[in-house]
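These notes are about the structure you will find just below.
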Amino acid sequence: MNQKLFFTALIVLFVLSGIAHFAHWSPIAQFILSALAILFVAGFLGKATESVAHYAGQRLGGFLNATFGNAAELIIAIFLVKEGLFDMVKASLTGAIIGNLLLVLGLSVLLGGLKFKEQKFNIQLASHNSSLMILAVIGLFVPAMFVMNQHFSPEKSELLSLSVAGILIVAYALWLVFSMVTHKNLLSEVEEAAGEHGESPAWSKGRSILFLIVATVMTAFVSEWLVGTLHTFTNEFGFSELFLGAFVIAIVGNAAEHSAAVLLAMKNKIGAAVEIAVGSSLQIALFVAPALVFISLLFGKPMDILFTPIEIAAIAVSVFIATSISKDGSTNWYEGVLLVMVYVILGFAFYFV
Amino acid sequence: MNQKLFFTALIVLFVLSGIAHFAHWSPIAQFILSALAILFVAGFLGKATESVAHYAGQRLGGFLNATFGNAAELIIAIFLVKEGLFDMVKASLTGAIIGNLLLVLGLSVLLGGLKFKEQKFNIQLASHNSSLMILAVIGLFVPAMFVMNQHFSPEKSELLSLSVAGILIVAYALWLVFSMVTHKNLLSEVEEAAGEHGESPAWSKGRSILFLIVATVMTAFVSEWLVGTLHTFTNEFGFSELFLGAFVIAIVGNAAEHSAAVLLAMKNKIGAAVEIAVGSSLQIALFVAPALVFISLLFGKPMDILFTPIEIAAIAVSVFIATSISKDGSTNWYEGVLLVMVYVILGFAFYFV
Amino acid sequence: MNQKLFFTALIVLFVLSGIAHFAHWSPIAQFILSALAILFVAGFLGKATESVAHYAGQRLGGFLNATFGNAAELIIAIFLVKEGLFDMVKASLTGAIIGNLLLVLGLSVLLGGLKFKEQKFNIQLASHNSSLMILAVIGLFVPAMFVMNQHFSPEKSELLSLSVAGILIVAYALWLVFSMVTHKNLLSEVEEAAGEHGESPAWSKGRSILFLIVATVMTAFVSEWLVGTLHTFTNEFGFSELFLGAFVIAIVGNAAEHSAAVLLAMKNKIGAAVEIAVGSSLQIALFVAPALVFISLLFGKPMDILFTPIEIAAIAVSVFIATSISKDGSTNWYEGVLLVMVYVILGFAFYFV
């Protein structure tokens, strides 16, 4: 998209959704405006992160990208935590994970596969990713499973949550060390493609940092406005928090990844598309979710890491099908169909809850 | 088997089981005769389908084979649905899936493996099959899991069943497009072998169509007679519907696949044997089961797609072990032992229920 | 370790822990002494088994090694069964399985990986091992799942336990036939390495047999003393039987495997380390656990094979992550981290139960 147009839309939508919020327009109008605005501020935040990462040098830059790549989701989630909407936080994290693994990956594979008969990517990276995703599933499954079967006291279950959250963050940090320091050649394919879709940065170093700060602040505002409209949907329209969090919030918050991954797949860079989709899921499961457990302590409202059985089931089936499809390092359109089908099945199931 | 002998046995058994039914012979005699008769009418139906498929040309023929390959199971199941024996329908579908994945595949791999030290097959096809089986497991697991955990209203659970059934049928239809149109080279190995085990058709075009109609009608009659005897076993002998459906009905209904797959494996055509066993499971999970959900509407007795936890567990473990064994594209006798062992474990578990 | 030193420590600790037991020293002292003693008697038993196996010739020797490799665990478990401590038996078996798959394998992969950037091993063996582990999980999962969902009578559940135990032992016996008779070339890599870590035997044939008998008797005594101290920990310190069995007993009982596997990995013989860790898990799941079900009949206190949901979950997640990591036939330090992380997560979960 043309830069000028992008910034115009960004500012107009940001201002409009601010007005809608403070002038108490109808909740629907507020929701639509802030949802549109968040598409743009998330895109802006992504570009600013990339640009700062570029100046920070390869290693620190990679770290920044890996850590702030899901900044928008994280900020939205922090506001949800602050409001005590823990169920919606977990639903939106679940939705972000399955949205990336099924919808982002599925559409990339499907649309890429309609153009190219077979698309290949680095099988070793896929294998590592799938082991990490299995760790994530285990990290979410084990505490929930144990607490459900053994009637833990709230204190014990809180301690277990903190322990598991700590372990997942350590695992994520060591993964960054592994993939950026000791075995960074594994990631070469991805960086190369990332280099291409990131273009060379249009902004100076100072401006990039300024933009990163501005974008973060804007994301924070719009997220708060968006979160503020959600109770309308649960109260008046009877949507479940689960469906709203897992499908509406997650799609809005991941729009940037969606378009980037699909575009890469259609340029036959399926490896980079896979990396965006799976990497983003991993980041949410291994970094964002556990970080929120600790962040919730700051608000004095401790959130545990215990997802509901249906959320864990949704994540687990997504990981299984995504792993099964990516394990041979080659994709075709029908594998994209399979992923999207599972997403639709889960969508119906969450909708009817 | 000699053709003449086959037709003699077919007609004698069909007539005898008809007499047994209408003359109200003892239920045991009725059961044995109709079970024997169904072995032959299912074989006849299979041959007629193949023969019609041969004249229909490769593409339409493949479609016919893929869609009517499990016609006998479908017809038996329709009669069970008509009687409202939903539990037995689901048990028999479960039994057909695990019977194909464990017993048919297991015996093929075991007996083939006793003759040949190692048997190899197309790894790409195996990988696709396993992704499809995972979709099938997800399609059965997700609605059951959600409904169990969230106490859906009956209407919602019916809607969810219909949605999931629709998705599975669409996925199956797209799989036919994938495997017969856009990526049909994947299936070359199988078609070649199928050509061999199908021999050139002995019947003319007109006779083939006539035979297909006759075989379908015969299957329908014998199925109804067989189903009519089942209550005796549950009422008088204390067999559970689950065991009866999953092990007795399923073995009888799949006899044709059993012998075909084992014979192919012993000719070192393990790829074709795998395809028969796994393909048949896929067809039941992705086509027969969802189709029955829609067919049940015609009888005014809507059947949902909610399998019991132990049925889903049985299907899931079968898919896991079968996937694990077939993923390296090579088999040996011990892998056949593993499959059969899991079948026996499930058999004991269902028997003691 | 120097042989003389080893035997001195062995005898001193054995005698001390005997004195502690019969003189009713404090339970803590008894526990520490018998735990230390068991490290040495288990090591002694292992060496004696290996030495006898060496004289028995390759085939019978392999069988001895495979069957008595976990003799210490088996003896400890027999004493627990005799005391009727069924929950602790199952916890310790669970602990031995997950300890081997996660801690032994994880530390081997991690420490080996810190020294060598990438370590490779026979992919075919890994594939077989993972199919066998899946059988083990199914064998433990199916009876527990069915009994939980269907309210079996105690007699039926006992019959089901015996049936499944019988099947698992048959599967294990056939695995020995497969891996030592019909397809023994698969194991060549491992035998070669085992030859190296076993050194040529220092003892004569007669002495080896004598030592095997003496070691077995010593193991039996120390095991009984150790088991006798456990109630102190559950009663006075509030440790759960589950944690004690799964983490304390299991680590003590597996110490020999730990050191052997880690040393092999650091010599870049990761294949042999994998085989020790996975082979030991398989032996416990497919031989020790079912054997105990039959042995319990001799004591007139029938133990079923029904593990608790959290034990089965722990075993299942361990198998998943271990399978995922070993399926590509290559390891690096981060994969070791993943395994250890899962072990730590499970450790916390069991601790807080």
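The values are calculated or read from the model by the stated rules, or taken from the named source; none is laboratory data. What you are looking at is a predicted structure, and each value in this text was computed from that prediction instead of being measured. Every residue, glycine as well, gets a Cβ built from its backbone with ideal geometry; the counts of neighbours run over all protein chains shown. Just so you know, the surface numbers come from the protein's heavy atoms only, side chains and all, with ligands and any DNA or RNA stripped out. Shrake-Rupley method; radii C 1.70, N 1.55, O 1.52, S 1.80 Å.
Rounded to the nearest Hz, the phi-derived 3J(HN,Hα) couplings of region C:74-87 under the Karplus curve 6.51 cos²θ - 1.76 cosθ + 1.60 (θ = phi - 60°) are 4, 5, 4, 5, 4, 5, 5, 5, 4, 6, x, 7, 4, 4, where x marks glycine and proline.
Rounded to the nearest 20, the Cβ-based charge dipole of chain C about its Cα centre (Lys and Arg +1, Asp and Glu -1) stands at 600 debye. Charge tally around C:Met303: other residues with Cβ under 12 Å, Lys/Arg +1 each, Asp/Glu -1 each, net -1. Averaged over the residues of peptide C:327-333, the number of Cβ atoms from other protein chains lying within 10 Å of each residue's Cβ is 4. Heavy-atom accessible area with a 1.4 Å probe sorts B:Asp328, A:Asp87, largest first, into A:Asp87, B:Asp328. Mean separation of Cα pairs under 8 Å and 6 or more residues apart, divided by the residue count, gives region B:205-353 a relative contact order of 22 percent.
With Cα atoms defining each centre, region A:249-282 and region A:226-248 are spaced 25 Å apart in the structure. In the full protein context, region B:3-351 carries 37 Å² of accessible surface per residue, based on a 1.4 Å probe and ignoring ligands, DNA and RNA. Accessible-area loss of 30 Å² or more (1.4 Å probe, protein heavy atoms, chain alone versus all protein chains) is found in region B:90-126 for B:Lys117, B:Gln124. Summed over both chains, the accessible area lost when B and A associate is about 2900 Å², using a 1.4 Å probe.
Rolled with a 1.4 Å probe across the full set of protein chains, the surface gives A:Trp25 an accessible area near 100 Å². With K and R counted +1 and D and E -1, the other residues having a Cβ less than 13 Å from that of B:Leu212 yield a net charge of +2. Structural descriptor for region C:3-351: relative contact order 40 percent, calculated from alpha carbon pairs under 8 angstrom and at least 6 residues apart.
Can you tell me what the convex hull of the Cα atoms of region B:3-351 projects to on average, as an area in nm²?
Approximately 17.1 nm², given one-decimal rounding.
Comparing each chain alone with all protein chains together (probe 1.4 Å, DNA, RNA and ligands left out), the residues of region A:309-323 losing at least 30 Å² of accessible area are A:Pro309, A:Ile310, A:Ala313, A:Val317, A:Phe320, A:Ile321.
Between A:Asn2 and B:Ile295, the FRET efficiency from the beta-carbon distance, with R0 = 35 Å, is close to 0.05. Where the accessible area of chain A is counted over protein heavy atoms with a 1.4 Å probe, how much of it, in %, is carbon and sulfur? After summing per-atom areas, the C and S share lands at 69 percent.
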